[in-house]
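The structure appears below as C-alpha cells.
The values are calculated or read from the model by the stated rules, or taken from the named source; none is laboratory data. These numbers were taken from a predicted model, which means no experiment stands behind them. Neighbour counts run over all protein chains shown; Cβ positions are idealised from the backbone, glycine included.
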Amino acid sequence: MKSLRFVVGEESAGSRLDDFLAARLSSLSRMRIAALLARGGCSVGGEAARAGRRLAAGEAVELSLSEDEGPNAMTPEPLPLEILYEDADIVVVVKPAGVLVHPTRGVKGGTLANALAYHLNRNAQTVVRPGLVHRLDRATSGLLVVAKTREATARLSGHFQRRLVEKRYLAVLEGAVGEDALVIEAPVGRVAESSPAWGVTDEGKPAETRLRVVGRRRSRTLVELEPVTGRTNQLRVHCAHAGHPVVGDIWYARDPFPRLCLHAARLAFRHPSTNEWVEFSSPAPAGLLAGLEFSGEKSHPGVDLSGS
C-alpha cells in the first residue's frame, strides 16, 4: 500500500475532488480514481470524501493506493508522436484519430500516455509523469497540451477548470447549415438506458457551443466549433441536437464515413511557468477532408485547411 498527501492550493480552491486527483495522478485513469474514491480510499481533512466534494485552499487530501491501482499509463512504449512544441514544463502534441489518450480497462497499451511515458523518460534522471490535463475522444484528432511537472500540471488544470483556455475545433457536418454563425445552448448528460449514452437531457449540465461556418459544399458544411463549456462529448451531442451531426460519427451521423470529421485545430493558453499567452494550430488531416472538396476553402485565422 502506498500513501500520498496533497495540500490544496489557492488555484484549486472550489475544484471537485475527482478533478483535483486526476490532475495529479496522471498515471491513473478516471475509472481507477472513481474506484479509489468509491471504496473510501481518500480523505479530506481526515474524513472520507466522495468524488464531488468541493475543496478549499489549505485542506489536506490523503489517499492510499493498493498495488492493483498502480500505474499502467506509465508503461513506456516507443510509439510515434507528433510534437509541435516542447520545453521544460510542457509538450504540445497532435493526437491521431483512433488513438486513446489514456489506457482503459479494455485497452492497456498503445495510447498517447504510453507514448509520452517513453518520450519523456528516455533521458530523464527522475521519472516524468505526463500530466494529462485535458482529453480528446478516441475518434477525435488534434492538439493536446501535456504538463511535465507537478507544478505545471496543477496550474494548467486550474486554467482549464476556470475556462481560461481557448479551444477551436474544425468539423465537417452533415447537411447545409443555414446560418453563418449560431450558438447552441442545451444541457448535456447521460441518458438512462439509451445508446448513445450521452445526449441533450434536462437532467444534464449546462453546455454552450459556438459555431461558425467556414465553407459549404453540396450536403456538407465545414465549421469551426468553440466549446464554451467542456462537457463529455459536448460537440458531437450539440451538433446532432442542431440537426447536423459530425460526419463519420458512429453514434449520431446517418451516412458512413471512414473517420469522425472532428479535429482540435487551435489551442491557446497561458504558459504555466512564464504566464505568456501561447497559441498553437494544427492543419486539418487529409483524411478529414478527403472526398469532401473543402481543401480549397478560405481558412480563418489559426486554422489551416491545406491538409497533410
How many residues, within the stretch 165-190, are in contact with a helix residue (DSSP H, G or I) (Cβ under 8 Å, 6 or more places away or on another chain), surrounded by fewer than 20 Cβ atoms within 10 Å (Cβ to Cβ) and within 28 Å of residue 275 (Cβ to Cβ)?
-> 1
So residue 28, is it buried (at least 19 other Cβ atoms within 10 Å of the Cβ), more than 23 Å from the chain's Cα centre (by Cα) and aliphatic (A, V, I, L, M) = no
Taking residue 133, is it surrounded by fewer than 14 Cβ atoms within 10 Å (Cβ to Cβ), under 19 Å from residue 154 (Cα atoms) and not acidic (Asp, Glu)?
-> no
Has the stretch 286-305 got at least one residue that is among the β-branched types (Val, Ile, Thr), under 24 Å from residue 180 (Cβ atoms) and modelled with pLDDT of 95 or more?
-> no
In the set 38, 23, 51, 13, which member is under 17 Å from residue 102 (Cα atoms) and either at pLDDT 90 or above or aliphatic (A, V, I, L, M) (or both)?
-> 23
For the stretch 232-243, does any single residue satisfy the condition of being among the β-branched types (Val, Ile, Thr) and under 30 Å from residue 7 (Cα atoms)?
-> yes
